[in-house]
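Novice: Dumping the structure here so I can ask a few things about it.
The values are calculated or read from the model by the stated rules, or taken from the named source; none is laboratory data. No experiment lies behind these values; they were computed from the predicted model shown. As a convention, Cβ positions derive from the backbone with ideal geometry for all residues, glycine included, and neighbour counts pool all protein chains shown.
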Amino acid sequence: MKQSLNFTGTGVAIVTPFTAKGAVDFPALTRLVEHLIKGRVEYIVVMGTTGESATLSKEEKQKVVEHIVKVNKKRLPLVLGVGGNNTAEIIETLKKDDLSAFSAILSVSPYYNKPSQEGIYQHYKAISKASPLPVILYNVPGRTSSNIAWDTTIRLAKEFKNIIAIKEASGNLEQCMKIIKHRPDNFLIISGDDNLTLPIIASGGDGVISVVANAYPADFSDMVRHALIHDLKTAQKLHYKLLEITEQLFADGNPGGIKYVLSQKKITGPAVRLPLVEPNDTVKAKLKKLMY
């Protein structure tokens with residue numbers, strides 16, 4: 001039996017706001033956390049890819065985490081991104097860092113190394129044994145250059161009780177459906193692609209860790225809730241309301257697109273850190289036309 005934690009519904013991969021000079025913008029981060037809570041999302045994912053964790057120093061990461069924990073005041077569950085391509089370093093982090101404010105970790109499959117399926121299995125086995133918290137696997141081949149095969153996911157889900165879910169961002173619906181078909185009881189399939197969330201839930205999935213919900217938490221989380229109770233007519237209406245703007249958010253890189261929309265809503269600024277840059281003018285114009 002899996003640990004009885006419920007991450008169904010909408011989680012948000014929260015962005016890290018920056019000032020025009022490139023420093024972490026803590027007042028904007030406060031506004032964003034309050035915006036997400038007001039929008040009734042189910043949980044917040046801190047230090048994910050969308051949070052630009054790769055370009056934050058260790059000290060900055062600590063300050064961002066502490067700030068979100070302080071502002072959140074235990075109102076929503078928090079999930080911490082703890083991943084990478086150095087298994088030993090991840091284990092060291094899990095053993096040394098204070099994770100008491102978090103309900104689970106999200107751990108991306110190793111990038112660049114391109115491990116075999118056995119390597120991926122052994123990587124997550126080591127993380128599972130070291131983690132004091134439940135583990136959500138994260139499959140995003142477009143960023144890692146390797147895919148967690150569906151049967152590797154099932155192997156991990158069946159063998160380790162604290163591996164409770166997978167964030168699936170492969171874009172492969174057939175793969176998602178195979179995981180759904182063969183998963184053990186209480187193992188969650190969480191969409192990592194905003195525009196595939198509705199079909200994944202309709203196939204038996206359990207929710208999403210979203211980018212677009214940074215800007216539109218109420219509409220997106222409502223879409224997910226309606227889909228989960230099989231009210232597809234209402235869910236479809238909200239899905240198609242957000243479809244084109246979500247597509248444009250990723251047209252010239254993430255999180256540049258969502259940060260531009262958030263800047264237009266006066267929640268955060270548009271700045272990203274190199275090697276990322278803001279979206280090109282064509283994408284900005286399309287976003288401005290589509291946003292509401």
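Novice: So which of Val261, Val272 ends up being touching a Lys or Arg at 6+ places or on another chain (Cβ under 8 Å) and touching a residue at least 24 places away in the same chain (Cβ under 8 Å)? Steps first, answer last, please.
Specialist: Numbers: Val261 fails: touching a Lys or Arg at 6+ places or on another chain (Cβ under 8 Å).
Among Val261, Val272, only Val272 is touching a Lys or Arg at 6+ places or on another chain (Cβ under 8 Å) and touching a residue at least 24 places away in the same chain (Cβ under 8 Å).
Novice: Still on this model: Test each condition in (1) over 30 Å from Lys266 (Cβ atoms); (2) without any contact (Cβ under 8 Å) to a residue 24 or more places away in the chain for Ile127 and report the one that comes out false.
Specialist: (2)
Novice: Follow-up question, since we're still on this one. Identify the residue in the range 233-283 that is more than 14 Å from Ala215 (Cβ to Cβ) and among the small types (Gly, Ala, Ser) and, among all such residues, is surrounded by the most Cβ atoms within 10 Å (Cβ to Cβ).
Specialist: Ala235
Novice: Any residue in the range 4-16 that is at pLDDT 95 or above and loosely packed, with under 14 Cβ neighbours inside 10 Å?
Specialist: Initially, the range 4-16 is screened for residues at pLDDT 95 or above, giving 7-16.
Within this subset, residues satisfying the condition of being loosely packed, with under 14 Cβ neighbours inside 10 Å are none.
No, there is no match, as no residue in the range 4-16 is at pLDDT 95 or above and loosely packed, with under 14 Cβ neighbours inside 10 Å.
Novice: Does Ser146 qualify as being closer than 17 Å to Gly84 by Cα and either at pLDDT 95 or above or of a type in the set (D, E, K, R) (or both)?
Specialist: Values: closer than 17 Å to Gly84 by Cα: yes; either at pLDDT 95 or above or of a type in the set (D, E, K, R) (or both): yes.
Considered against the rule, which asks whether it is closer than 17 Å to Gly84 by Cα and either at pLDDT 95 or above or of a type in the set (D, E, K, R) (or both), Ser146 comes out as yes.
Novice: Name the residues in the range 94-110 that are under 30 Å from Thr10 (Cβ atoms) and either surrounded by fewer than 18 Cβ atoms within 10 Å (Cβ to Cβ) or among the acidic types (Asp, Glu) (or both), would you? Quick ask: steps written out before the conclusion?
Specialist: The initial filter retains those residues of the range 94-110 that are under 30 Å from Thr10 (Cβ atoms), namely 94, 97-110.
If the condition is that a residue be under 30 Å from Thr10 (Cβ atoms) and either surrounded by fewer than 18 Cβ atoms within 10 Å (Cβ to Cβ) or among the acidic types (Asp, Glu) (or both), then Asp97, Asp98, Ser100, Ala101, Ser103 are the ones that fit.
Novice: Kindly indicate which of Tyr124, Tyr112 is part of a helix (DSSP H, G or I) and of a type in the set (Phe, Trp, Tyr).
Specialist: On the way: Tyr112 fails: part of a helix (DSSP H, G or I).
The match here is Tyr124.
Novice: Given the range 3-82, what strands (runs of 3 or more DSSP E) lie entirely inside it while holding 3 or more residues that are in contact (Cβ under 8 Å) with a residue 40 or more places away in the chain and touching a helix residue (DSSP H, G or I) at 6+ places or on another chain (Cβ under 6 Å)? So that I can check it myself, show each step before the final result.
Specialist: Working: elements: 9-13, 43-46, 78-81.
By residue number, 9-13.
Novice: Here is a further query. Can you pull out every residue in the range 136-184 that is of a type in the set (Val, Ile, Thr) and part of a strand (DSSP E or B)? Break it down stepwise before answering.
Specialist: Quick first cut of the range 136-184, residues of a type in the set (Val, Ile, Thr) only: 136, 140, 144, 148, 152-154, 163-164, 166, 179-180.
Within the range 136-184, Ile136, Ile163, Ile164, Ile166 qualify.
So that you can scan it fast, the table gives a plain yes or no per residue for (1) of a type in the set (Asp, Glu); (2) out of contact with any Gly (no Cβ under 7 Å at 6 or more places or on another chain); (3) at positive phi; (4) modelled with pLDDT under 95:
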| residue | (1), (2), (3), (4) |
| --- | --- |
| His67 | no, yes, no, no |
| Lys74 | no, yes, yes, no |
| Val82 | no, yes, no, no |
| Asn86 | no, yes, no, no |
| Thr93 | no, yes, no, no |
| Ser103 | no, yes, no, no |
| Ser107 | no, no, no, no |
| Gln117 | no, yes, no, no |
| Tyr124 | no, yes, no, no |
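Novice: So, Glu244, is that one in a helix (DSSP H, G or I), among the charged types (D, E, K, R) and either farther than 23 Å from Cys176 by Cβ or in contact with a Leu (Cβ under 9 Å, 6 or more places away or on another chain) (or both) or not? Steps first, please.
Specialist: On the way: in a helix (DSSP H, G or I): yes; among the charged types (D, E, K, R): yes; either farther than 23 Å from Cys176 by Cβ or in contact with a Leu (Cβ under 9 Å, 6 or more places away or on another chain) (or both): yes.
Considered against the rule, which asks whether it is in a helix (DSSP H, G or I), among the charged types (D, E, K, R) and either farther than 23 Å from Cys176 by Cβ or in contact with a Leu (Cβ under 9 Å, 6 or more places away or on another chain) (or both), Glu244 comes out as yes.
Novice: Take the residues of the range 193-232 that are crowded, with 24+ Cβ neighbours inside 10 Å and small (Gly, Ala, Ser): which is farthest from Gly39 (Cα to Cα)?
Specialist: Checking each candidate, the answer is Gly205.
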